Structures are given as C-alpha cells and as structure tokens.
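One structure below.
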Amino acid sequence: MGKTAFATVVVAAFLLLLLVSPSTAEIKTLTITSDTRPMILLEKFGFTHTGHVLIAVSSVSVVASSGSQPDPSRLGFFLLSEESLLQVLIEIQQNPNFCVLDSHYIKSLFTFRDLSPPPAASINRNFPVTIANEYSLFFANCAPETSVSMAVRTELYNLDPDTSRDYLSAGQTQLPSLFFVFSVAYFAFLALWFYLCHSNRRSLHRIHLLMGALLLMKALNLLCAAEDKHYVKSTGTPHGWDVLFYIFQFIRVVLLFTVIVLVGTGWSFLKPFLQEREKKVLMIVIPLQLLANVASVVIGETGPFIKDWVTWNQVFLLVDIICCCAIIFPIVWSIRSLRETSKTDGKAARNLAKLTLFRQFYIVVIGYLYFTRIVVFALKTIAAYKYRWVSNLAEETASLAFYVVMFYMFRPVERNEYFVLDEEEEEAAEIALRDEEFEL
C-alpha cells in the first residue's frame with residue numbers, strides 16, 4: 001500500500017467510524033487477529049473531569065510482510081476529541097507520511113514500546129482524564145503492511161462524588177431512570193387497556209388482544225433496558241439483562257409492525273381475513289425484522305472494532321427503511337378500497353367515518369416514523385454529549401404518544417366511528433366522498 005493510499009485509508013477511517021460510532025461503554029474484552037487496519041476505533045465515551053481509561057493489552061504479536069521488525073513506537077493507543085478531529089485530518093492530508101501518534105492534538109496513552117518484554121508483551125495501565133469532553137479511543141498502526149494480533153480489555157468510566165465508578169457515558173447516566181419511568185407508564189397503560197377490553201367485551205376483537213400483547217412487550221422491553229443500563233452503570237456488565245432486552249425488543253418490534261399492518265388492513269374489526277397481498281407484506285416484514293434484530297445484537301454487543309461493524313449498521317438502516325415503507329401500503333390499500341366501496345353500498349356516513357379514521361391513522365404513522373427516524377437522529381447528532389439522553393427522551397415520548405393515539409382510535413367501544421349511521425348526515429357524507437380529500 002502506498003503512503004498516499006495509506007493516508008487516505010486513515011482519513012476514511014476517522015470520518016466513517018466517528019459518524020456511526022455509539023456513545024456508550026462498558027467493560028469490554030476483544031480479540032484482534034492479524035489486523036492490518038491503520039486505525040481501529042475501540043470506544044467512544046463522554047468523560048467528566050473525573051474520567052478514567054483502563055486498558056489491559058496482552059498476547060501482542062506484530063508481523064511485517066517485509067520480514068523486518070517495525071518500530072514499536074509507531075503502534076499505540078490514544079484518545080481524540082471531536083474538536084481536535086479536524087486538525088488531525090488536516091495534518092494527515094498535508095503530509096501522507098504523518099503518523100497520528102505524533103500529533104499534538106491527541107492524548108497519547110502508550111505505544112508498543114511501553115509493553116513488557118516478550119514473551120509476555122503486555123501492559124495494564126489506568127489513565128486519568130481531567131478535561132471533560134467526549135473522546136474516542138483509538139488504536140493506531142503507522143507501520144504499513146504490518147498486521148497486529150492482541151487481546152484488549154477496556155474500562156472507561158467516570159467517578160461519582162462517592163468515588164464509585166459510573167460506566168455509562170456522561171450523556172447516558174440518566175437512562176436507567178428514564179427507561180424505568182416509561183416502563184411504569186406502559187404497565188399503567190396496559191392496565192387501562194385491559195379494563196377497556198373487559199368493559200367492552202361485546203366489541204372486543206382479536207386485534208385488541210394483539211394490541212394488549214404489544215403493550216406488554218413494550219413495557220417489558222423498557223424494564224429490561226432499565227435494568228441493563230443500571231447494571232452497566234454500576235458494574236460495567238449487563239448481568240444477562242441484555243439477552244432479555246434483545247428478546248423482548250425483537251418480539252416488540254415484530255408485534256408493532258404487525259399491529260400497524262393489521263390495523264391498516266382493518267383485520268378482525270372490518271374483515272375476518274387478510275387478502276393475499278396483505279399476507280405478503282407480513283411475510284416480508286417479519287423475516288426482515290428478524291434480520292434487523294440480528295444486526296442490532298451485533299451492533300450493540302460488539303463495537304466499531306470489528307471489521308464488518310459499519311456493514312451491519314448499513315444492513316440495519318436498510319431493513320428499517322424497507323419495513324417502514326412496507327407497512328404504509330396496507331393503509332393506502334384500505335383507503336382506496338373504502339373509496340371504491342362507498343360508491344356502491346349506499347352507506348355514505350359509515351364509509352366517510354372509516355375513511356376519515358384511516359386517513360388520520362395514515363398521517364399518525366407517517367409522523368411517528370418521521371420523528372423517530374429523522375428527528376431523533378438529528379437530536380443525537382446536534383446535542384452536546386452531556387445531553388445525549390434527550391434524544392432517548394424524545395424517542396420514548398413520541399412512541400408513547402403514538403401508542404396512545406393509535407389505541408384510542410381503535411379502542412373497543414360499542415359506538416365509535418365505524419358505526420356512525422346518522423341518516424341526517426348521509427347526504428353530506430355522499431358529497432364529501434365525491435371530493436378528492438381522501439386521495440393520497
């Protein structure tokens with residue numbers, strides 16, 4: 001690899017990995033095997049003025065394709081803040097031979113020159129971080145055509161006033177309480193929904209039971225997220241709560257997309273069956289959500305140090321976009337079907353009410369998807385690292401609002417928008433149905 005190409009790879013690594021890297025950390029152990037990448041992003045973490053970085057490296061092996069032993073000072077670990085990123089990129093672009101370990105804008109931790117002599121070739125050090133900021137922990141290999149193998153254990157944490165360790169980033173310490181509060185809200189919502197279903201058993205349909213199951217999975221998912229973050233915050237490991245979190249997350253997401261599709265088709269309360277094209281939507285969405293859940297596990301349980309981490313992020317994003325588009329079609333089909341039916345069945349008022357409800361549901365779904373995918377991402381991008389939890393608050397608030405609106409619109413009541421049969425409104429309804437207001 002030429003020196004210019006080498007510098008280009010370094011720049012690309014900085015830009016690409018920093019754009020997609022998470023702002024979370026816990027105690028992590030990873031193994032790097034015969035890796036030739038010039039830059040490896042290990043963690044990204046928000047430090048207070050009492051921050052610490054503990055790194056233990058062992059079983060280090062450096063192999064050069066030329067056969068000569070590379071300079072150990074050309075391989076090492078460092079911290080880099082986003083404010084200094086631009087300056088480092090300028091240095092690399094101006095001088096392709098420049099090694100990032102020589103930059104004045106990084107906080108160098110150690111190089112391979114500091115390792116214990118072979119065969120141990122290891123180091124275990126704790127580095128204080130006294131300047132509060134969000135830093136990325138990198139490993140740099142400035143020896144071209146050199147592969148590195150090693151075992152790395154990292155602990156990034158801040159010290160609380162009582163000197164206890166907080167393994168959550170400075171912008172995420174509020175997440176355990178946040179998720180717990182929302183889980184309580186959903187359990188209360190579930191109790192209210194159960195009461196409504198029990199009080200209106202004559203109007204109860206199978207979709208209402210499925211909606212209740214969705215609420216239960218959402219509440220359990222948030223409860224597991226709260227416990228996961230709580231244990232990571234205090235001990236650095238999730239103690240198995242991450243497994244339950246991913247299980248309930250998968251069930252919850254599949255149920256959410258399924259409920260939106262089934263409500264959009266009018267299943268169980270307008271018709272007892274699904275058409276072939278509606279079944280195909282479900283057959284597409286459910287397997288894709290399985291793939292998205294696998295990608296979510298890989299992203300959350302590994303980190304940017306694995307070579308395919310960026311690819312898994314792209315897979316997750318692509319699958320999410322496809323599913324969000326797919327669930328819109330049944331709602332559009334229902335609106336068009338109701339428009340066609342209204343021209344022949346002579347029940348203008350009832351069809352107008354149904355069309356109005358489905359049109360409102362269409363707008364609510366679009367608004368929910370737009371907010372949770374675009375607005376929340378923008379908040380994560382522009383918010384200072386200490387306020388990164390605000391994006392989680394916005395996402396959960398929007399989700400709760402969406403659930404409340406959707407469940408209210410399709411609640412089990414004996415007299416609702418589906419059964420409006422006021423004869424005095426028939427003529428006005430027929431005029432409204434002839435307008436184009438329901439065209440999408």
* Asked: Would you call residue 329 in contact with a strand residue (DSSP E or B) (Cβ under 6 Å, 6 or more places away or on another chain) and open to solvent by 10 Å² or more (accessible area, probe 1.4 Å)?
  -> no
* Which condition does residue 383 not pass, out of (1) surrounded by fewer than 19 Cβ atoms within 10 Å (Cβ to Cβ); (2) at pLDDT 90 or above; (3) over 27 Å from residue 332 (Cβ atoms), if it passes all the others? -> (2)
* Structure fact -> Residues of the range 259-300 being of a type in the set (Lys, Arg) and at pLDDT 80 or above, in sequence order, are 280
* Asked: Quick one: is residue 60 among the β-branched types (Val, Ile, Thr), at pLDDT below 90 and buried (at least 17 other Cβ atoms within 10 Å of the Cβ)?
  -> no
* Please work out if residue 421 is open to solvent by 20 Å² or more (accessible area, probe 1.4 Å), out of contact with any strand residue (DSSP E or B) (no Cβ under 8 Å at 6 or more places or on another chain) and modelled with pLDDT of 55 or more. => no
* Based on what the data block shows, is residue 259 within 18 Å of residue 410 (Cβ to Cβ) and either surrounded by fewer than 21 Cβ atoms within 10 Å (Cβ to Cβ) or in contact with a Leu (Cβ under 7 Å, 6 or more places away or on another chain) (or both)? -> yes
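Conditions tested, residue by residue: (1) touching a residue at least 12 places away in the same chain (Cβ under 8 Å); (2) closer than 30 Å to residue 62 by Cα; (3) surrounded by 16 or more Cβ atoms within 10 Å (Cβ to Cβ).
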| position | (1), (2), (3) |
| --- | --- |
| 156 | yes, yes, yes |
| 170 | yes, no, yes |
| 189 | yes, no, yes |
| 197 | yes, no, yes |
| 231 | no, no, yes |
* Asked: Does residue 244 satisfy being touching a helix residue (DSSP H, G or I) at 6+ places or on another chain (Cβ under 7 Å), at pLDDT 90 or above and not hydroxyl-bearing (Ser, Thr, Tyr)?
  -> yes
* Filter the strands (runs of 3 or more DSSP E) completely within the range 66-146 down to those with at least 3 residues that are open to solvent by 20 Å² or more (accessible area, probe 1.4 Å). => 107-111, 123-129
* Asked: If you check every pair at least six apart or on different chains, which have Cβ atoms under 6 Å apart with a residue in the range 24-37 that is within 24 Å of residue 380 (Cα to Cα) and modelled with pLDDT of 90 or more first and a residue that is small (Gly, Ala, Ser) and open to solvent by 70 Å² or more (accessible area, probe 1.4 Å) second?
  -> none
* Asked: Does residue 164 fit the bill of being open to solvent by less than 60 Å² (accessible area, probe 1.4 Å) and among the polar types (S, T, N, Q)?
  -> yes
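The values are calculated or read from the model by the stated rules, or taken from the named source; none is laboratory data. Predicted model only: the values in this text are computed from it and were never measured. Every residue, glycine as well, gets a Cβ built from its backbone with ideal geometry; the counts of neighbours run over all protein chains shown. For accessibility, only protein heavy atoms count, side chains too; no ligands or nucleic acids. Shrake-Rupley method; radii C 1.70, N 1.55, O 1.52, S 1.80 Å.
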